[in-house]
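Here's the structure we're looking at; comments come further down.
Read the figures in this text as sums done on the coordinates, not as results from a lab. If you're wondering where the values come from, they're calculated on a predicted model, not measured in any experiment. Using ideal geometry, Cβ is built from the backbone for each residue, glycine included, and neighbour counts are taken over all protein chains shown.
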Amino acid sequence: MTDSPVALVTGGGSGIGAAVARRLLDAGQRVAVTGRSEQRLRGFAKELEEPEGLLTIPGNAAEYDDVRAAVGTVLTEFGRLDTVVANAGFATGDSVADGDPAGWTDMVLTNVLGPALLIRASIDALKETRGRIVLVGSVAGFVPTPGNLYGATKWAVTGLAENTRRQVTEWGVGVTLIAPGRVETPFWDAHGSLPPGHLLTAGQIADSVVWALGQPAGVDVNTVVVRPVGQPN
Ligand SMILES: NC(=O)c1ccc[n+]([C@@H]2O[C@H](COP(=O)([O-])OP(=O)(O)OC[C@H]3O[C@@H](n4cnc5c(N)ncnc54)[C@H](OP(=O)(O)O)[C@@H]3O)[C@@H](O)[C@H]2O)c1
């Protein structure tokens with residue numbers, strides 16, 4: 001356990017992030033998860049029966065002090081960092097023409113600034129391990145949807161992934177953008193109901209993340225788009 005790889009997953013107390021954390025723990029890795037709600041993180045740890053390799057770190061992915069502190073805690077507790085997963089994110093579910101701008105600042109900062117802060121805070125540690133960066137984008141970061149500011153934040157994540165890759169690949173660090181279609185998670189709570197049609201499970205997206213992370217040294221999977229069958233856009 002003391003030499004096993006270490007991952008830091010933002011927004012890892014629920015949904016896709018929690019599923020990734022579970023898969024990595026099952027594979028014998030050590031995992032730190034962050035999130036704003038300490039209660040949610042505690043609940044997740046309890047559900048997993050407080051595994052030895054799990055660290056829960058309350059904090060806001062859009063605040064650099066919190067992100068830097070989370071990376072510092074991981075290095076202090078686990079001694080290394082092999083993978084960061086910039087997963088924290090949410091949608092206000094409204095549109096630029098008729099939405100409530102009061103909710104937009106947090107969304108843009110979490111979804112766009114958050115991944116950049118995580119990369120900035122972790123890159124020195126990742127250089128040492130020749131580690132990997134995973135950004136959780138969205139199909140909404142490839143396909144325009146009317147009035148969708150959330151979608152625009154995910155277009156930014158698509159761009160950040162490739163811009164980051166072009167810089168860090170010379171240091172041996174891999175970058176994977178995982179772009180999910182519709183997944184059944186608490187993400188949809190803000191929308192009042194699940195979208196129609198067949199949805200992916202968080203575990204199915206986590207399988208793609210773990211597959212990308214499990215590539216041999218020297219192989220860098222860059223973009224993975226995963227939709228449920230039946231999702232047209
Ligand atoms: N579900 C889908 O259909 C779908 C599709 C495409 C992409 N995605 C993306 O997948 C990622 C994960 O979402 P999910 O579907 O798993 O939904 P989720 O269950 O709501 O997970 C989002 C997690 O992020 C955390 N979070 C939100 N804002 C944060 C912040 N500022 N700082 C730290 N943590 C924060 C939340 O915890 P706290 O509230 O406690 O902070 C929550 O645990 C998001 O980036 C989302 O945009 C989801």
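Taking the C-alpha atoms only, the angle from helix 202-213 to the longest principal axis of the chain is near 50 degrees. When only alpha carbons are used to place a centre, segment 1-43 and segment 79-155 end up 18 Å from one another.
Taking Cβ atoms as reference points and 13 Å as the exclusive limit, the residues near GLY59 contribute a net charge of -1, counting Lys and Arg as +1 and Asp and Glu as -1. Simple point charges give the picture: +1 on the Cβ of Lys and Arg, -1 on the Cβ of Asp and Glu, and for segment 9-76 a dipole about the Cα centre of about 140 debye. Farthest towards the positive end of the charge dipole of segment 6-226, among the residues THR185, LEU75, VAL96, is the Cα of LEU75, using unit charges on the Cβ of Lys, Arg, Asp and Glu. The label point for ALA69 and the one for ARG120, both projected 7 Å from the Cα toward the Cβ, are 1.7 nm apart. The dipole here belongs to segment 6-226: it is taken about the Cα centre, uses +1 on the Cβ of Lys and Arg and -1 on the Cβ of Asp and Glu, and is about 440 debye. Once you divide the Cα radius of gyration of the chain by 2.2 N^0.38 Å, the number left is 0.95. Using the rule -39500 (n - 2.57) for each DSSP H run of four or more residues, divided by the residues of the chain, the 222 nm mean residue ellipticity is -12000 deg cm²/dmol. Shape call for segment 21-73 from the C-alpha gyration tensor, a ≥ b ≥ c root eigenvalues: rounded (a/c under 1.5), prolate (a/b greater than b/c) or oblate? Taking the square roots of the gyration eigenvalues as a ≥ b ≥ c, segment 21-73 is oblate.
Would you be so kind as to identify which of LEU118, PRO146, LEU135 lies farthest towards the positive end of the dipole of segment 118-233, taking Lys and Arg as +1 and Asp and Glu as -1 on Cβ and the Cα centre as origin? Most positive-ward Cα: PRO146. Taking the chain as a Gaussian network, Cα atoms linked when under 10 Å apart, which of THR76, THR223, THR169 shows the biggest mean-square fluctuation? Top of the fluctuation ranking is THR76. Multiplying the residue separation of ASP207 and ALA102 by 0.36 nm and subtracting their alpha-carbon distance yields 34.3 nm. GNM remark for the chain: springs join alpha carbons under 10 Å apart, and the peak mean-square fluctuation among ALA21, ALA217, ALA102 falls on ALA102.
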